[in-house]
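What follows is calculated from the coordinates using simple rules that are stated; it is not laboratory data. Since the structure is predicted, the reported quantities are computational estimates derived from the model, not experimental observations. Reconstructed Cβ throughout: ideal geometry from the backbone, glycine too, with neighbour counts over all protein chains shown.
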2 protein chains.
Amino acid sequence: MLKRYLPVLQWLPYYRRELFSHDLTAGLIVAIMVIPQSLAYALLAGLPAVIGLYASILPVFAYTLFGSSRTLAVGPVAIVALMTAAALAGVATPGSSEYIAGALVLSLLSGLMLTVMGFLRLGFFANFLSHPVISGFLSASGILIAASQAAHLLGIDGAGFTLPTLLANLAAQLDDTNLATLAISAFTLTFLLGMRRYGRQSLKRIGLPAKLADLTAKAGPVFAVVLTTLATWRFDLVADGVAVVGNVPAGLPPLTLPDFAPSLWYSLLVPALLISIVGFVESVSMGQMLAAKRRERISPDQELIGLGTANLAASVTGGMPVTGGLSRTVINFDAGARTPIAGVVAALGIGLVTLFFTPWIYYLPTATLAATITVSILTLVDIAVMRRTWRYSKGDFSALLATLLLTLMEGVETGIIAGVSLSIALFLYRTSHPHSALVGRVPGTEHFRNVARHQVESHEQVALLRIDESLYFANARYLEDTLYTLVAERPQLRHTVLICSAVNLIDASALESLEAINARLKDSGVTLHLAEVKGPVMDRLKHSDFLETLTGRVFLSTYAAWSALRPSMAGSNEPMRPLG
Amino acid sequence: MLKRYLPVLQWLPYYRRELFSHDLTAGLIVAIMVIPQSLAYALLAGLPAVIGLYASILPVFAYTLFGSSRTLAVGPVAIVALMTAAALAGVATPGSSEYIAGALVLSLLSGLMLTVMGFLRLGFFANFLSHPVISGFLSASGILIAASQAAHLLGIDGAGFTLPTLLANLAAQLDDTNLATLAISAFTLTFLLGMRRYGRQSLKRIGLPAKLADLTAKAGPVFAVVLTTLATWRFDLVADGVAVVGNVPAGLPPLTLPDFAPSLWYSLLVPALLISIVGFVESVSMGQMLAAKRRERISPDQELIGLGTANLAASVTGGMPVTGGLSRTVINFDAGARTPIAGVVAALGIGLVTLFFTPWIYYLPTATLAATITVSILTLVDIAVMRRTWRYSKGDFSALLATLLLTLMEGVETGIIAGVSLSIALFLYRTSHPHSALVGRVPGTEHFRNVARHQVESHEQVALLRIDESLYFANARYLEDTLYTLVAERPQLRHTVLICSAVNLIDASALESLEAINARLKDSGVTLHLAEVKGPVMDRLKHSDFLETLTGRVFLSTYAAWSALRPSMAGSNEPMRPLG
């Protein structure tokens, strides 16, 4: 029991010294690598950069105790930062102390929601974000983030959370572009894109071992930060109008108590829920992918608790909403982390930086951070997935496109809510018009096939109807329609057999429809039979009077129904017309 | 084409004189019978009583032209009247001219929505009202209506649209009960309940033919209206404080133009949608039931157009929202109506009353009408359905109960919206945890059954997994979980066969999951196969790369998969453990 809720007990007792060397190396690498992105995502959320560091310390410890993934690295991530900014825009002005307090409340609410959902085992909720919706949402978020960072790249003021407002803001201020900032941005973008594209091969060519070359290439943002910070300090670019991170109080994260104003809580409730779910989905899909690579397992419900406590930790140490981050986790995994100890090492490293080295980032230009975000975020826009989805299913693609456009035009919250609603509506629509087929016997066998597609034996007095869907409220009336049409079109019909091999559920609405069908077919002199009813469905039907009132029988197989019901072999080869 | 949108053309050309005698009798009976309820429902909606008559004239003509049911009788009905009152309470005070104008806008909006939905063939939308939700909603509405009529029965002022406010209002004013009104109410209630319970038998016993006895018993409200009106006039009960219908302008329904104020339209949009859908569902289920009795068919999409034009007609002739009414339709059907001509006769009859006889209802007490509503509405509270639903499925019952309680506590709109959401959530939840079973071969046959339930042949290197659900976003991750657990628990496993006989759909999310499963099983040295994939699902899969990347094969039958994959007969009888 304790082990279930404290996964740390599953691995810590078996921790061996040789694992530590792996974890130590990985942890130190992660600590250095994630500092630029932690700063950057705090700025993206409209918060002081140092909050990104705070949110990378205690939350990691919490996740180590309660999380079920061995390699997931939690901290601020781009999408959640964007959603945080959008949520807080409604309650305070960026940079104000109310705004910072709002971020703590958001972490707290999100932490509470995730933890409670974990204890209630509500992890399946995340499944309602379908892949097309996630894909459309991530692409749109990538575009929105890039558009919001464009202002920082140009050295002008940013504003807005939808594409039209962001673009209008850029257009209005384009003349105010700061050239020194633009130079830094251009350098950083070129450097990062170059490192990403050619870094690994070039470093290998000059003699570095493959693994080191890979890591060095991935450390591009670290080099960019160091180079541009030095340049800004050396050439006093602040005087030329380059915005820098500036003064950051050195010291450990402050202990903070989130604000308990009910109106603030109320207005952040829906954003916190959306942040929780989006963050959870992003984190858990990645965790599952990496766990599978090492044949480990993660538990989605325990992940909720892990991420929940991480957010609670963030809320009491001056942080912001956190989740499992793609890039930091990949760095951790690639650097050879074996257990969450690697995360602890990284958190301690970032703690040291926060404690002693914040003056060193005074001259770090925000444009460098914006460039870092922009380059890493572009991978979110996934054209290949869109093309594949379009090819596979126009319905799924329409959900993707609607989510993408609504997120761009109306913002992250509207986009995701509309996407989820659309996915659900699409599924209900698909299942509300079930495919059904009249089947006949493949001569000489016990197999039955669609009379419209195959040469099969059938009889005009017996209709064998296979329903290819669970029967529930959305298609119950459709089923009635189908059967009444069948009966109206075939005056000779005496027996109708519903073949239920694909019926996994009959809900109360469908049961009423079946009762109505049974009664009306009886009035018309047609007997209703069932065949191939599944065990769980049959168990349920026994809790109603349906089986007693059923005019016909329940056959174990279609063949049994066919054998019992066809009146004689004479005239039975006459082909049946398919359903109109 | 024309015949499709004007069903009147399907039967009018074949109209024979002998049908007319049936329709004439039925129409005259309906005209007399529905006058009291038309007046009553207008009062229930907070409107002047005569509007109930107006709404029973032109809408009937419109439905005759465009409706597809031969026997449905449209006009004001109780539930729609209650919803009308709830909707208008937000925009005007009952009885004011704005209130009456609001009713016209509601009819117009509802008419437009229904008509447009009909042309777009969106009749299936109504299916999202599951039977348990409808049942809970109707029961709660019945209770709400009875509680709201209690004030009229006692002769005090009514107020409120939720049970707590209605009861609080009653309790506060109980001392103001008007004794003369109470006497009329008590008489009418006793009379109506007596007629309903004993009328038919008693009348038969004194020698009336069965049919006439039946009709006379059903005419109870007409007698009550006549008796109490005469008593009120004769004994001048108005002086004793009995509220009466009062002055009604004689004449045809006025031609009216609904208000076009955008703010009014906007605030009535959601109520109009709910009224449309609830009215449509009530009407169409009854229409289908009666049509089936005569082996006729109705078209739900055409019904939308029929009811839509009826509401448009109501909006231009001083009416209120209308739909097919249960009691008026049953009277029409039982009185022997053969075609909508009976409805036309009834409408002409009511038109005559409106034109010449409104002074006669001056002394009609509103308490009589309230008693009429109360008695007829009690049938909506259906305990038997609740008990049946509880027995059949706790999940469906919880949807019913939630709808019932929320309708009582929060009002009709919240109740119905919550009920629909809950039904959908319940269905998604049910399908998000699909039943799956490892199957093995029934010795000596081509049949395969659950290894946990039957003695069957299996092999530790081959897992045959039957998935009993369509694969879509809500269960895609669950499928991954199931398969990874299977692989993790069976180190000897070489082949996994997904048996898809119950898979009616694979959406884009599930496809991605299948691709991920395929790739990860490949990493683990396990080959993934499919079996019994349905035609439509296979067609769709061909629009993706999945079949090319699939490590295994697609088998037509489970037996074919079994024959091809089991390595040898030796050791194959070892039973497999069921999935944990």
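Evaluate 2.2 N^0.38 Å with N set to the residue count of the protein assembly as shown, then give the Cα radius of gyration divided by it.
The reported ratio for this selection is 1.10.
Going 7 Å from the Cα of B:Arg205 along its beta-carbon direction, which residues of segment B:225-246 have the amide nitrogen within less than 15 Å of the resulting point?
No residues fall inside that zone.
Between the label point of B:Ala261 and that of the same position in each other copy, find the distances and list them shortest first in nm, with every label point placed 7 Å from Cα along the Cα-to-C-beta direction.
3.6
If one puts a single equal scatterer on every Cα of segment A:439-485 and applies the Debye formula without solvent, what log₁₀ I(q)/I(0) results at q = 0.24, 0.26 Å⁻¹?
-0.90, -0.96
Over segment A:141-212, what portion of Cα pair distances is larger than 17 Å, expressed as a whole percent?
Of all Cα-Cα pairs in segment A:141-212, 56 percent lie more than 17 Å apart.
For chain A, with the dipole built from +1 on Lys and Arg beta-carbon atoms and -1 on Asp and Glu ones, taken about the Cα centre, which of A:Ser398, A:Leu369, A:Phe333 lies farthest toward the positive end?
Selected residue: A:Phe333.
Give me the percent relative contact order of segment B:308-438, please, defined on Cα pairs under 8 angstrom at least 6 residues apart.
The normalised contact order for segment B:308-438 reaches 10 percent.
Using a label position 7 Å from Cα in the Cα→Cβ direction, what is the ascending list of nm distances from A:Ala239 to the same site in the other copies?
In ascending order, 10.6 nm.
Just need log10 I(q)/I(0) for segment A:113-236 at q = 0.16, 0.18, 0.21 Å⁻¹, Debye formula, equal scatterers on the alpha-carbon atoms, no solvent, rounded to two decimals.
Rounded to two decimals, the profile gives -0.97, -1.01, -1.10.
So how strong a dipole does the protein assembly as shown carry about its Cα centre when Lys and Arg Cβ are +1 and Asp and Glu Cβ are -1, to the nearest 20 debye?
That gives the protein assembly as shown a dipole magnitude of about 3320 debye.
For the protein assembly as shown, what does -39500 (n - 2.57) per DSSP helix run (n ≥ 4), summed and divided by total residues, give at 222 nm, in deg cm²/dmol to the nearest 500?
Calculated from helices alone, the mean residue ellipticity at 222 nm is -19000 deg cm²/dmol.
Thinking of segment B:261-338 as a set of Cα atoms, what percent of all their pairs are more than 14 Å apart?
68 percent
With an 8 Å cut-off on Cα pairs and a minimum separation of 6 or more residues, tell me the relative contact order of segment A:436-565 in percent.
23 percent
With the contact rule set at Cα under 8 Å and sequence spacing of 6 or more, what percent relative contact order holds for segment B:430-512?
Once normalised by length, the contact order is 34 percent.
Cα-based Rg of chain A per 2.2 N^0.38 Å, rounded to two decimals?
Here the Cα radius of gyration is 1.24 times the empirical estimate.
When the Kirkwood radius is taken over all Cα pairs of segment A:416-459, what Stokes-Einstein diffusion coefficient follows at 20 °C and 1.002 mPa s, in µm²/s?
165 µm²/s
If neighbour count is taken as other Cβ atoms inside 10 Å, put A:His495, A:His152, A:His433 in order from fewest to most.
Ascending number of Cβ neighbours within 10 Å: A:His433, A:His495, A:His152.
Which chain A residue comes nearest the axis with its C-beta when you rotate A onto B, and by how many angstrom?
Rotation axis A onto B, closest Cβ, rounded to whole Å: A:Ala502, 2.
Cα atoms only, segment A:184-229: Rg and Dmax in Å?
For segment A:184-229, the Cα-based Rg and Dmax read 10.6, 31 Å.
Hey, if you put +1 on the Cβ of every Lys and Arg and -1 on every Asp and Glu Cβ in the protein assembly as shown, which of B:Asn127, A:Ala168, B:Leu378 ends up farthest toward the positive end of that dipole?
My answer, from the dipole projection, is B:Asn127.
With all pairs of different alpha carbon atoms counted, what Kirkwood hydrodynamic radius in Å does segment B:436-565 show?
Hydrodynamic radius (Kirkwood, Cα pairs) of segment B:436-565 is 14.7 Å.
If you put +1 on each Lys and Arg Cβ and -1 on each Asp and Glu Cβ, how big is the dipole of segment A:83-229 around its Cα centre, in Debye rounded to 20?
Dipole of segment A:83-229, to the nearest 20 debye: 940 debye.
Given 4 °C and 1.567 mPa s, compute D for segment A:222-265 with the Stokes-Einstein relation, Rh being the Kirkwood radius over Cα pairs; round to the nearest whole µm²/s.
Roughly 93 µm²/s, to the nearest whole number.
Based only on the alpha carbon positions, what is the Kirkwood hydrodynamic radius of segment A:345-408, in angstrom?
15.5 Å
Could you check the simple spin-label distance between B:Leu547 and B:Tyr5, using points 7 Å along Cα→Cβ, in nm with one decimal?
So the label points at B:Leu547 and B:Tyr5 sit 4.2 nm apart.
Could you list the trypsin sites (Lys or Arg not before Pro) in segment B:446-514 that lie in coil according to DSSP, counting only those with at most 14 other Cβ atoms within 10 Å of their Cβ?
The qualifying sites are B:Arg453.
Please name whichever of B:Ala452, B:Asn475, B:Val462 sits farthest to the positive end of the charge dipole of segment B:369-488, dipole taken about the Cα centre and charges placed at Cβ: Lys and Arg +1, Asp and Glu -1.
B:Ala452
Would you mind checking A:Lys3/B:Lys522; A:Lys522/B:Lys211; A:Lys204/B:Lys522; A:Lys394/B:Lys534 for any pair whose Cα atoms are more than 22 angstrom apart?
In this structure, A:Lys3/B:Lys522; A:Lys522/B:Lys211; A:Lys204/B:Lys522 lie more than 22 Å apart at Cα.
Can you give the alpha-carbon Rg of segment A:363-458 over 2.2 N^0.38 Å, where N counts its residues?
Here the Cα radius of gyration is 1.91 times the empirical estimate.
If I model a spin label as a point 7 Å beyond the Cα along the Cα-Cβ vector, how far apart are those points for A:Val116 and B:Leu193 in nm?
So the two model labels end up 4.5 nm from each other.
Can you report the principal axis dimensions of segment B:22-103 using only the alpha carbons, biggest first, rounded to whole angstrom?
44, 25, 19 Å, listed from the longest principal axis down.
Give, rounded to the nearest 20 debye, the magnitude of the charge dipole that chain A has about its Cα centre when Lys and Arg contribute +1 at Cβ and Asp and Glu contribute -1 at Cβ.
Approximately 2000 debye in magnitude.
List, shortest first and in nm to one decimal, how far the label point of A:Leu182 (7 Å from Cα along Cα→Cβ) is from its counterparts in the other copies.
Copy-to-copy label distances at A:Leu182, shortest first: 8.8 nm.
For segment A:93-186, what D do you get in µm² per second when you plug the Kirkwood radius from alpha-carbon pairs into Stokes-Einstein at 20 °C and 1.002 mPa s?
Translational diffusion coefficient: 131 µm²/s.
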